[in-house]
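Here's the structure we're looking at; comments come further down.
The values are calculated or read from the model by the stated rules, or taken from the named source; none is laboratory data. Everything quoted here is computed from the prediction, not taken from an experiment. Backbone-built Cβ (ideal geometry, glycine too); neighbour counts: all protein chains shown.
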Amino acid sequence: MRFLFHYPEAHGPDSDMLDAGPVADVARAAEEFGFRGLSFSEHPAPGARWLDHGGHQTLDPFVALSHAAAVTTRLRLLTYLAVAPYRNPLLLAKQAATLDRLSGGRLVLGLGAGYLKGEFHALGVDFDERNALFDEVLDVLPLHWSGEPFDYAGRHFSVRDAQALPRPAQRPIPVWIGGNSRLSRRRVAERAQGWMPMSGGPELSTTARTPTLGPLPELAAAITELRDAKAAAGRGGDVDVLHSYRDEGLVDPTRDADRHREAFVALEKAGVTWTAVSCPNRSTAATLEFLEAFGTAYVG
């Protein structure tokens, strides 16, 4: 099992995204205490009403991860997740390739279709086209990253004889796709390297417009089905599965350690390869204490 630290999200309109600590300090500590990855989410234009009802602010994930890459050497850098339809696919591919190249091949590009209608409107993107636009992104990424000339006709753009260099360090950059729907899982089986199922219960699933994923046996069955579908599609190799572990008792990683260890073992047996954890801390000291305590208890 590999553990990833998700930089704490700032909830409400008055929170500062950096309350949990400077990104450089948090990234260095995560690497020091054995975490294998660091992630940031994305909301470029969240609505005030959504923020008032539990929504969260974010940094730009590519900029934040670039900052983290500059002060670390081993951490995987995950966008958890970037909303694929928000960007022209060529710009997204270039951002990803640049970060991957500059970090020495450490980017994992986590993508989702998105769910906040107001944010789509703010960015001038048709919400009802999001799945078609997502598929265009998945078409363009490997063409762009190949370094070879290519053509592509999208719904709102056309590429003729484009050649994007430099190539990313990884061939290809791993793409992990978020969401619980059968469409999301089919995209993973046919076109990606990882799956990020959403946990958190019915309320969160309703907000994120994705089906609720039930207890652990249901997750295990979905992972098995996904891996079988990937093999049936003629794609070799395993598929990574990232699970976001949510437990109020984890605020203090030293309490109920045996229970948490049992949960991590059960997730691994179900087929999960990465577990993401976070903390609701509002100070640098508290975040660094969490990273040290968690790393000592479960990683080291």
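Some notes on this structure:
- Contact annotation: residue pairs with Cβ atoms under 8 Å, 6 or more positions apart or on different chains, pairing a residue in the stretch 139-167 that is farther than 18 Å from residue 111 by Cβ and among the basic types (Lys, Arg) with a partner that is assigned to a loop (DSSP other than H, G, I, E, B) and modelled with pLDDT of 95 or more, are 167/146; 167/147.
- Residues in the stretch 22-37 that are assigned to a loop (DSSP other than H, G, I, E, B) and farther than 18 Å from residue 80 by Cβ: 22, 33, 34.
- Of the helices (runs of 4 or more DSSP H) contained entirely in the stretch 177-261, those carrying at least 1 residues that are surrounded by 12 or more Cβ atoms within 10 Å (Cβ to Cβ), modelled with pLDDT of 95 or more and within 21 Å of the chain's Cα centre (by Cα) fall at 182-191, 216-232.
- Summed over the stretch 38-84, residues that are crowded, with 19+ Cβ neighbours inside 10 Å, in contact with a Ser or Thr (Cβ under 8 Å, 6 or more places away or on another chain) and part of a helix (DSSP H, G or I) total 4.
- Number of positions in the stretch 1-37 that are crowded, with 20+ Cβ neighbours inside 10 Å, free of Cβ contacts under 8 Å to residues at least 60 places away in the same chain and touching a helix residue (DSSP H, G or I) at 6+ places or on another chain (Cβ under 8 Å): 2
- Checking each residue in the stretch 131-146 for being β-branched (Val, Ile, Thr) and within 19 Å of the chain's Cα centre (by Cα) picks out only 137.
- In summary, residue 100 fulfils each of the numbered conditions (1) under 30 Å from residue 297 (Cβ atoms); (2) not in a loop (DSSP other than H, G, I, E, B) with the single exception of condition (1).
- Hits in the stretch 116-143 (condition: farther than 18 Å from residue 81 by Cβ, charged (D, E, K, R) and part of a helix (DSSP H, G or I)): 128, 129, 139
- Restricting 73, 98, 79 to those that are of a type in the set (Ser, Thr, Tyr) and over 14 Å from residue 38 (Cβ atoms) reduces the list to 98.
- If you go through the stretch 280-289 and pick out every residue that is at pLDDT 95 or above and either part of a loop (DSSP other than H, G, I, E, B) or surrounded by 20 or more Cβ atoms within 10 Å (Cβ to Cβ) (or both), you end up with 2.
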